[in-house]
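Let me begin by presenting the structure, written as structure tokens, before commenting on it.
No value in this document is a laboratory result; all are computed from the given coordinates. Source: prediction; values computed, not measured. In this analysis, Cβ positions are derived from the backbone assuming ideal geometry, glycine residues included, and neighbour counts consider all displayed protein chains.
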Amino acid sequence: MILRQAPELKTIHWFNTDAPLTLESLRGRVVVIEAFQMLCPGCVSHGLPQAKRVAETFAPDDVCVLGLHTVFEHHAAQGTVEALAAFLHEYRITFPVAIDAPTGHGGPPRTMTAYDMQGTPTLLLLDREGRIRKQYFGREQDIVFGAEIMALVCERRISDSRTVQTNEDQCNDSGCAIRGPDDIDAEQEF
């Protein structure tokens, strides 16, 4: 499978961060993006609560959760910075949230278009290299999504463990470290 590099977010305003974020600046971490609209029932009842749980569960050094308010309908009701600020406050959304940049001709916003999203809620899961590993429209089960996130978090841990050289390097008077997967596979061939 060929992985596609995630297009940079096209935003006009950020909340819950001191400076605008870029995907480039988040390299080295797994990135979860919850694309939502504040008047979308699925976003309010499922997507945003799930994003909050992810942000509360995973270490911020490993996983960064972002919200993307991507308005493609009911612009007058939900298209203002003030309305979104009040919404984020009332729903206690504390992870960084950006407003997707409009196209200027009434179509879907720019980031939504760049990712070819079908609607909201949409989950995006990016690996540590900034590649799209999952894009899901609708409701995803917590256990499935959590396992997918953890698999990406562990990718670096597995590759880091492969750098262990020999058993002698892993043992000392304090104990013995777990060996890398290559060492374990070699022992299992009886």
>> Counting only other residues whose beta carbon sits under 12 Å from that of LEU88, what net charge do I get with K and R as +1, D and E as -1?
In response: 0
>> Through the Karplus equation 6.51 cos²θ - 1.76 cosθ + 1.60, θ set to phi - 60°, convert the phi angles of the range 142-150 into ³J(HN,Hα) values in whole Hz; use x for Gly and Pro.
In response: 3, 5, 5, 5, x, 5, 5, 5, 5
> What does the charge add up to near PRO20, with Lys and Arg as +1, Asp and Glu as -1, over the other residues with Cβ less than 14 Å from its Cβ?
Replying inline: -3
> Using a Förster distance of 41 Å, how high is the FRET efficiency between MET150 and GLU82, based on the Cβ-Cβ distance and rounded to 0.05?
Replying inline: 0.65
>> Give me, ordered by chain and number, the residues 5 or more places off CYS64 or on other chains with an amide H under 5 Å from its own placed amide H.
In response: VAL30, VAL31, VAL32
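Which shape class, rounded, prolate or oblate, goes with the range 59-122 when its Cα gyration tensor gives a ≥ b ≥ c as root eigenvalues, a/c under 1.5 marks rounded, and past that a/b bigger than b/c marks prolate? Display every interim value, and only then the final one.
Details: a/c = 2.46, a/b = 1.28, b/c = 1.92.
Since a/c reaches 1.5 but b/c is at least a/b, the shape of the range 59-122 is classed as oblate.
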